[in-house]
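Worksheet: one structure, shown below.
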Amino acid sequence: MKRTVLQIVTGLSAACFISPTFAQDVGAPEKDQLEQSLQKPPYSPYVNREFPTRPFFGDTHLHTSFSMDAGAFGARLDPKDAYRFARGEQVTSNTGQPVKLSRPLDWLAVTDHSDNMGFFPDLFAGKPDLLADPTGRKWYDMIKSGQGAEAAIDIIVQFSHGTFPKDLMYFPGTRAYRGAWQKTIEAAEQFNDPGRFTTFIAYEWTSNTGGNNLHRNVIYRDNGDKASQVEPFTVYPPYGSDNPADLWKWMQGYEAKTGGSVLAIAHNGNLSNGTMFPVVEAFGKALDRDYAEQRAKWERLYEATQTKGTGESHPYLSPNDEFAAFEIWDKGNLDGSVAKKKEMLEFEYVRSAYKNGLKLEQRLGINPYKFGLVSGSDAHTALSAMEENNFFGKTVPQEPSPHRMSATFIDNKTTGVKIMDWEVGSSGYAAVWANENTRTSIWDAMQRKETYSTTGTRVIVRFFGGWDFVPQDADNRLPAQVGYSKGVPMGGDLRAAPQGKVPTFLVAALKDPIGANLDRYQIIKGWLEKDGSVSEKVFDVVWSGDRKPGNDGKLPSVGDTVDVANATWTNTIGAPELITVWKDHEFDPSRPAFYYGRVIEIPTPRWTAYDAKRYGVTPLPGTAMKVTERAFTSPIWYTPAK
């Protein structure tokens, strides 16, 4: 029988269009057949599946022309442009170049700075009351004469050191500020498309006293009806504060007033000069149980990597970790006004925070640093373009050009802190294991920390911990079904080890479909020793090829197929997927611990290699030309029974 056009379009069979009697003749099930089928497990393995089945990739940290520094640097694209680009549309960049993502993102949070939100569009337009101020006129003239980057640095420095003119401030409660916040909300509402593309109402609280970066991105679960009831929290008094504890109070007040929900994501701490993860005191007050409770409650996630460096760990802190020296920014604070000292590093990086969190929990009863991991670009271009071969920079002067590899980003003559544009990294994206592509589902997954951080790759990563995984579980082609039924996912907790058992972990990774093969999957463990000290160890748990660890326990290199001159590589090494069950044979049930996964790709060309090839330019000596993209999962924590 030929199928009709209607049948082809709808997928309905011919039986849908004929008599009930004939339908029984051609295959209607008998009553006893139905009863028997209902008594057996369903044939379809996907029936009644309620756990998350795919990661949704997005960016938790993006600036547009609504941010005063981004605007001064040259950003002319607004939040609506940012959403158009992220959902896959081709747009024209701030420097007039056509740009499009290889694949749309699933979601985006535009996080313009809360302080002075909307100030720059008015300055650029030459609003008379802004030009009446000498500093406002100076910045305006600099921007109009092509010195926008210099104006942006001056704005950042004056804001950081408390010299930003009060007469130029756009404070909450003013018409100009309220208008900018409403436009931010309206853009998010307009482009939110549940099931296809999710937008988050958000902003960045920009504590930066003395140039020490303590920024937080505040992400709303809510729609505009609630978000519009309370304007964002800012830094400058009398309307704001640079103390994170005051931000948490604002978050509590917002939820109490609106019935809504917000969470905060701390900015990558490598520019905080040792202030991001305190262990003794913060803002002149000794750390106590209340501090630990509030931080753990409101800061569920942390930004592990972005354009200004990766903050997982550092060779000084993890000398035995061969992959710790990745895209490190360790020269000073945000504006380079204070050079870095080695003793600051411990209080800036993820792994040290996790270890110190175990110690603080013993002292305070609460672990303030029990956060999951995500990534954000922190691009100030409105373009979340973090692919190495499609990198549009952190700021507008770093959009593609023959000159960006040799340009200087920060050069503080007083301290000697100098950072070149080639040191800016093409990073990163956040992956969230959610049930559906909606605000509530993705936000809820962030809240429970079922997330992982990538440096721009869209590798798919699973990480489950439990007590009963066996090697055969790694042979299952539906590992998540086993993972959720036998254990907890990334971001979860293991408690009270059963007698005689040790933690087992089911780990799996699948390469980015258009990216590089995988080198290895590692588990990083940290634990509290009996004497109160903390230790760490990196385990290679599954890898590509037939390599074997050497006498030093190190796994040989996967190799390198990168042709730097032509900015190409081949997937002739590595593996498309990695999966195994790993057991911690060194486990001590009396000691608190954490575990997280790190997936390393084979080497590929860095954005600098693509620029050198496309523009025919010679890199400066020391320019990094290769990259090993990676992903970091949120941890699974083990807490002994009390």
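The values are calculated or read from the model by the stated rules, or taken from the named source; none is laboratory data. Just so you know, these numbers come straight off a predicted model, no measurement behind them. Glycine gets a Cβ as well: all are built from the backbone with ideal geometry, and neighbour counts include every protein chain shown. Accessible surface is based on the protein model in full, side chains and every heavy atom, while ligands, DNA and RNA are left aside. Shrake-Rupley method; radii C 1.70, N 1.55, O 1.52, S 1.80 Å.
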statement: Phi angles of region 446-462, converted by Karplus (6.51 cos²θ - 1.76 cosθ + 1.60, θ = phi - 60°) into ³J(HN,Hα) in whole Hz with x for Gly and Pro, give 5, 4, 8, 6, 8, 9, 8, 9, 10, 8, x, 6, 10, 5, 9, 10, 10
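With the other protein chains left in place, how much accessible area per residue, in square angstrom, belongs to the chain at a 1.4 angstrom probe? Each step should come with its number before you reach the end.
Working: 26050 Å² over 642 residues.
On a per-residue basis, 41 Å².
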field: lysines with Cα under 18 Å of Lys127, excluding same-chain neighbours fewer than 8 positions away
entry: Lys138, Lys144, Lys166
field: the chain, accessible surface, carbon-and-sulfur percent (1.4 angstrom probe)
entry: 52
task: Could you go through region 291-299 in sequence order and give the Karplus-derived ³J(HN,Hα) for each residue, using 6.51 cos²θ - 1.76 cosθ + 1.60 with θ = phi - 60°, rounded to whole Hz, and x for Gly and Pro?
output: 4, 4, 5, 5, 5, 5, 6, 9, 10
statement: For Lys308, counting only lysines whose alpha-carbon sits under 21 Å away and dropping same-chain residues fewer than eight positions off, the answer is Lys331, Lys340, Lys341, Lys342, Lys394, Lys413, Lys418, Lys626
- line: Excluding residues fewer than 8 positions from Lys40 in its own chain, the lysines with Cα under 21 Å of it are Lys31
- prompt: Can you list the residues, at least 5 places off or on another chain, whose amide H is less than 5 Å from the amide H of Thr504, using H built in the peptide plane?
  reply: Gly466, Trp467, Asp468, Phe469
task: Just report the Cα centroid separation between region 515-546 and region 293-360, whole Å.
output: 18
- line: Farthest towards the positive end of the dipole of the chain, among Val47, Pro128, Ile460 and with Cβ unit charges of +1 on Lys and Arg and -1 on Asp and Glu, lies the Cα of Val47
- prompt: So for the chain, taking the charge dipole from beta-carbon charges (+1 Lys/Arg, -1 Asp/Glu), which of Asn270, Ser337, Pro592 sits furthest toward the positive end?
  reply: Pro592
task: Collect residues whose amide H, placed 1.01 Å from N in the peptide plane, falls under 5 Å from the amide H of Lys626; neighbours closer than 5 in sequence don't count.
output: Arg606
message: If amide hydrogens are placed 1.01 Å from N in the peptide plane, which non-local residues have theirs closer than 5 Å to the one on Ala379?
response: His63
query: Short version: ³J(HN,Hα) in whole Hz for each residue of region 266-282, in order, from phi by Karplus 6.51 cos²θ - 1.76 cosθ + 1.60 (θ = phi - 60°), x for Gly and Pro, what are they?
result: 5, 4, 2, x, 5, 10, 8, 6, x, 10, 6, 10, x, 10, 10, 8, 9
